[in-house]
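J.: Mind having a look at this structure? Questions to follow.
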Amino acid sequence: MARQTDDERKARQKKRQQQLRDRHRKERRPDRDDVARALLFWAITSYLKEGRADRIDQLSDAAVAVLGAQGFNKRASYDVFDGIVDRYARDDQPFRRKVHLRA
């Protein structure tokens with residue numbers, strides 16, 4: 001049997017990935033980014049309600065340390081994190097609606 005070309009392999013992989021995404025959408029299964037976003041929202045809003053700015057700072061430092069280890073700019077990472085905290089403080093539902101989940 002002849003080895004498949006890169007184009008054939010990529011086409012099969014693309015089809016498999018699309019089928020997986022379609023199945024997850026049908027199952028209404030969250031992905032890891034959905035879970036991470038929900039957890040971060042819960043943590044930040046809980047700390048804001050409790051008046052625990054120190055815990056938000058600890059969370060920020062931990063996140064920036066991980067991002068910095070991946071090669072991201074630390075100052076930019078703090079700016080992004082601070083923007084998320086500001087958005088979560090202003091809005092009780094800061095996420096985009098996922099139309100496929102409406103029922």
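The values are calculated or read from the model by the stated rules, or taken from the named source; none is laboratory data. The structure presented is a predicted model; accordingly, all values stated were derived computationally and were not measured. All Cβ positions, even for glycine, are placed from backbone atoms using ideal geometry, and neighbour counts span all protein chains on display. Ligands, DNA and RNA are stripped out before the accessible areas are found, and what is left, the full protein with its side chains, is counted by its heavy atoms. Shrake-Rupley method; radii C 1.70, N 1.55, O 1.52, S 1.80 Å.
J.: Using only the Cα atoms of the chain, what do you get for the radius of gyration and for Dmax, in Å?
T.: 19.4, 66
J.: Between Ala65, Val85, Ala38, whose Cα lies farthest towards the positive end of the dipole of the chain when Lys and Arg beta carbons carry +1 and Asp and Glu beta carbons carry -1, centred on the Cα centre?
T.: Going by the charge dipole, the pick is Ala38.
J.: Apply the Karplus parameterisation 6.51 cos²θ - 1.76 cosθ + 1.60, with θ equal to phi minus 60°, to every residue of the stretch 3-17 and state each ³J(HN,Hα) to the nearest whole Hz, in sequence, with x for glycine and proline.
T.: Calculated HN-Hα couplings, in order: 5, 6, 6, 4, 4, 5, 4, 5, 5, 5, 5, 4, 5, 4, 5 Hz.
J.: Follow-up question, since we're still on this one. Count the net charge of all other residues whose Cβ sits under 13 Å from the Cβ of Ile84, scoring Lys and Arg as +1 and Asp and Glu as -1.
T.: Values: positive: Arg37, Arg87, Arg90; negative: Asp79, Asp82, Asp86, Asp91.
That sum, taken over residues with Cβ under 13 Å, equals -1.
J.: Label-point separation (nm) for Lys74 and Leu48, each offset 7 Å from Cα along Cα-to-Cβ?
T.: 2.7 nm
J.: Let me ask another. Can you give me the accessible area per residue for the chain, using a 1.4 Å probe, in Å²?
T.: Heavy-atom accessible area per residue stands at 86 Å².
J.: Could you rank Phe41, Phe95, Phe81 by how accessible they are, 1.4 Å probe, largest area first?
T.: Numbers: Phe41 40, Phe95 70, Phe81 15 Å².
Highest to lowest solvent-accessible surface, that is Phe95, Phe41, Phe81.
J.: Over the stretch 4-103, what relative contact order in percent results from Cα pairs under 8 Å that are six or more residues apart?
T.: 22 percent
J.: Distance from the Cα centre of the stretch 1-23 to that of the stretch 53-81, in angstrom?
T.: Cα centroid of the stretch 1-23 versus Cα centroid of the stretch 53-81: 37 Å apart.
J.: Can you give the FRET efficiency to the nearest 0.05 for His24 and Gln4, using r as the Cβ-Cβ distance and R₀ = 35 Å?
T.: 0.85
J.: Now for a separate question. How much of the accessible area of the chain, in percent, comes from carbon and sulfur atoms when a 1.4 Å probe is used?
T.: 51 percent
J.: Quote the charge dipole size of the chain about the Cα centre in Debye, to the nearest 20; the model charges only the Cβ of Lys and Arg (+1) and of Asp and Glu (-1).
T.: The calculation lands at about 940 debye.
J.: Pop out the ³J(HN,Hα) list for the stretch 71-85 in order, Karplus 6.51 cos²θ - 1.76 cosθ + 1.60 with θ = phi - 60°, rounded to Hz; leave Gly and Pro as x.
T.: Each residue of the stretch 71-85 in turn: x, 6, 5, 5, 4, 5, 5, 4, 4, 5, 4, 4, x, 5, 4 Hz.
J.: Assuming R0 = 22 Å, can you tell me the calculated FRET efficiency for the pair Val66 and Arg37, based on Cβ-Cβ distance, to the nearest 0.05?
T.: So, using R0 = 22 Å, E works out to roughly 0.90.
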